[in-house]
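Just so you know, all these numbers are worked out from the coordinates, no wet-lab data involved. Keep in mind that what you see is a predicted model, and the values were worked out from it rather than measured. Virtual Cβ from ideal backbone geometry, glycine too; neighbours counted across all protein chains shown.
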Amino acid sequence: MAFGTLATAPSALSGEAFLELRGVGKSFGVGAARTEVLSDIDLALAEGEFLAIVGFSGSGKSTLINLIAGLLMPDVGELRLQGRPITGPGPDRGVVFQSYALLPWLTVLGNVQLAVDAVFRSESKQDRVHRARHYVELVGLGAAHWKYPRELSGGMRQRVSVARGLAMDPKLLLLDEPLSALDALTRGSLQSEIERIWAADRKTVVMITNDVDEALLLADRIIPLRPGPRASLGPSFAVPLARPRDRKAVNDDPEYKRIRNEITHYLTVVSRQAAAANPTRRLKKPVAKPASLRPPSMSLVP
Amino acid sequence: MSGYLEMFKLSKIYETPSGPLPVVESFDLEVAKGEFVALIGHSGCGKSTVLQMVAGLSDISEGHVVLDAREIDGPGPDRGVVFQAPCLLPWMTARENVMLGVRRVYPHVDEKTRREIVEYHLSLVGLANAMDKRPAALSGGMRQRVGLARAFALSPKMLLLDEPFGMLDSLTRMELQEVLLDIWSEDQMTALMVTHDVDEALFLADRVVMMTSGPRARVGRILEVPFGRPRERSEVLEHPDYYALRGELIAFLESQQRETRAA
């Protein structure tokens, strides 16, 4: 069975790509304990594209996001944003972390304001306050802007984190499993929220997730990250479904079913290959039977 | 009455200052020997309460639970339970955690045989190389594998699974569903599983029981799962009825959610 197309479209490699990764590899540890986490990552992303990278836990998903964010440097290969090499973190890339990363002594507005003040230094104080308020309202926290993180639910905290990421008006938004710490219901409503916000200004987005359905609801393109160590990107699956995508309506869409089955099949196959590469013993079944521990309590059989 | 497990007019009523509150009311269900039944419903609908009453961990307010022609009146090793949090003792290795129950259920065999039972079941869940690790050294998925081994090692009459993969990410969840199906098919133990994941229910179960939202939760509808066994995920997904059945379950959950909000 053939899967999708190549992760990198040839035209994108000719220098027009918005974000480009070439031969990127990253290892951690020293000496014999050194492990190659990511290996030979090639990726090209067009401007305005929403890309989801679906990966197994421990496969190096966060390492990949940290490399794009400039929080980590690759051992080999290069990363370019709009043609310029990524050499460190910068306000052109907004990151939304799985753990929210809010400052506990600042309010909702304070957390967003901090980022706005750092990025828009040349703007007047009034403009900056206006900007921060706008994004707090955009994520539906206008009425709770004065609250502290400890007074918020997980879903609300993640909204603050999304507002902060957007308020910096970055060229590229990096979402590192933004919803995986939330329960299914909150997750569903924040998913629609992210789609709505994304549709409003079509930022270029790279989202890391472990949930195929989440990727199918949000992304234009899905690329699996194969299980580590030495994780590399799998084939690219285009998601040409109309937006906005409704969780229940897509269930009847033949295109949705086809892509969902293809990706699930691909992930099942690579997961089995990874398990087969690390075989564990399977022992012989002992014959002993459990003792009957308790006397019959209320036998219904006369 | 011919079920291996029978729940008859099962109710759970809590006393509150404003009077008795029936969380579950008149829950009736029969499960045949060797059948795998999934119980789905919204969080807080009382599905875990039903499972805990069958496990003997929660008192039965009204009604009866009968397993293999004997009425249940408390917890016992004839029912292997797998919880959402694996509940392993942190100072014990995987092997010692599984041994804890095995020692109680196999008092009549020698220590060597007991060790074999423990090691066999840990090898079944793919942990042959991690038997001497403590929970802290294991990933979430591996801990839940120990939880499965611990339940299966008791050779119980039936298996009770309370959202066993609810805390795992969706790809690890898929891996563990296959591990569970793999060991379950060894001797097709009667199983009752609580979940809110419709794909999980369809992949594992013979029947999916949809529970109405509490209070007064009961059996709403029952869906027969038409997929043969052994099951292969790709084949299940390609089954012509798969997405229709999935849609039915999603629609039921959404209608229950609307009713809860309206109430």
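Among the residues of B:166-172, the average count of other protein chain beta-carbon atoms within 10 Å of the residue beta-carbon is 6.
Let me know the shape class of the range A:190-262, please: from the alpha-carbon gyration tensor, a ≥ b ≥ c as square roots of the eigenvalues, rounded when a/c is under 1.5, otherwise prolate if a/b is greater than b/c, or oblate. Verdict is oblate for the range A:190-262.
Please report the projected area of the range B:1-50's Cα convex hull averaged over all directions, in nm². Here the figure is 4.1 nm², rounded to one decimal. Note on the range B:22-82: Cα-Cα pairs beyond 14 Å make up 59% of the total pair count. Run down the aspartates and glutamates and flag those whose C-alpha is under 15 Å from the C-alpha of A:Lys125, throwing out any fewer than 8 positions away in its chain. Here the aspartates and glutamates satisfying the reach criterion relative to A:Lys125 are A:Asp117. The string of couplings for the range B:254-263 from the Karplus curve (6.51, -1.76, 1.60, θ = phi - 60°) is 5, 5, 5, 5, 5, 4, 4, 5, 5, 6 Hz, one whole number per residue in order, with x for Gly and Pro. Across the range B:195-263, the convex hull enclosing all Cα atoms gives 76 Å³ per residue. Most simply put, the range A:144-269 has about 40% antiparallel DSSP beta bridges, counting only bridges with both residues inside it.
Assuming charge only on the beta carbon of Lys and Arg (+1) and of Asp and Glu (-1), the dipole of chain B about its Cα centre is about 620 debye to the nearest 20. With both residues required to sit in the range B:73-194, DSSP beta bridges show an antiparallel share near 0%.
Under 5 Å from the amide H of B:Val24 lie the amide H atoms of B:Lys12, B:Arg216, B:Ala217, each residue being 5 or more positions distant or on a separate chain, with H modelled from the backbone and absent for Pro and chain starts.
Which residue fluctuates most in the GNM of chain B (Cα springs below 10 Å): B:Val81, B:Val54, B:Val219? Residue with maximal mean-square fluctuation among B:Val81, B:Val54, B:Val219: B:Val219. Note on the protein assembly as shown: Cα-only Rg and Dmax are 25.9, 89 Å.
The mean count of C-beta atoms from other chains within 10 Å of the C-beta of residues in A:246-259, rounded to a whole number, is 2. Against the compact-protein benchmark of 2.2 N^0.38 Å, the Cα-based radius of gyration of the range B:179-221 scales to 1.35. The phi torsions of the range B:37-45, fed into the Karplus equation with coefficients 6.51, -1.76 and 1.60 and a -60° offset, translate into couplings of 10, 9, 10, 10, x, 6, 4, x, 7 Hz, rounded to whole numbers, with Gly and Pro shown as x.
Ratio of Rg to Rh for the range A:219-293: 1.26 [Cα atoms; Kirkwood radius as inverse mean 1/r over pairs]. Over every Cα atom in chain A, the radius of gyration and the widest Cα-Cα span, Dmax, amount to 23.0, 89 Å. About the centre of its Cα atoms, the protein assembly as shown shows a dipole size close to 1220 debye [charges on the beta carbon of Lys, Arg (+1) and Asp, Glu (-1) only; nearest 20 debye]. Cross-linked pairs A:Lys284/B:Lys133; B:Lys112/B:Lys133; A:Lys248/B:Lys47; A:Lys171/A:Lys257: Cα-Cα separations exceed 26 Å for A:Lys171/A:Lys257.
Can you give the calculated 222 nm mean residue ellipticity of the protein assembly as shown, where each DSSP H run of n ≥ 4 adds -39,500 (n - 2.57) and the sum is split over every residue, rounded to the nearest 500 deg cm²/dmol? Result for the protein assembly as shown: -11000 deg cm²/dmol, rounded to the nearest 500. The ranking of B:Leu181, B:Leu21 from fewest to most other beta carbons within 10 Å of each one's beta carbon is B:Leu21, B:Leu181.
Karplus-based coupling profile of the range A:195-205, in residue order and whole Hz: 4, 4, 5, 5, 4, 5, 10, 6, 6, 6, 10, with θ = phi - 60° in 6.51 cos²θ - 1.76 cosθ + 1.60 and x standing for Gly or Pro.
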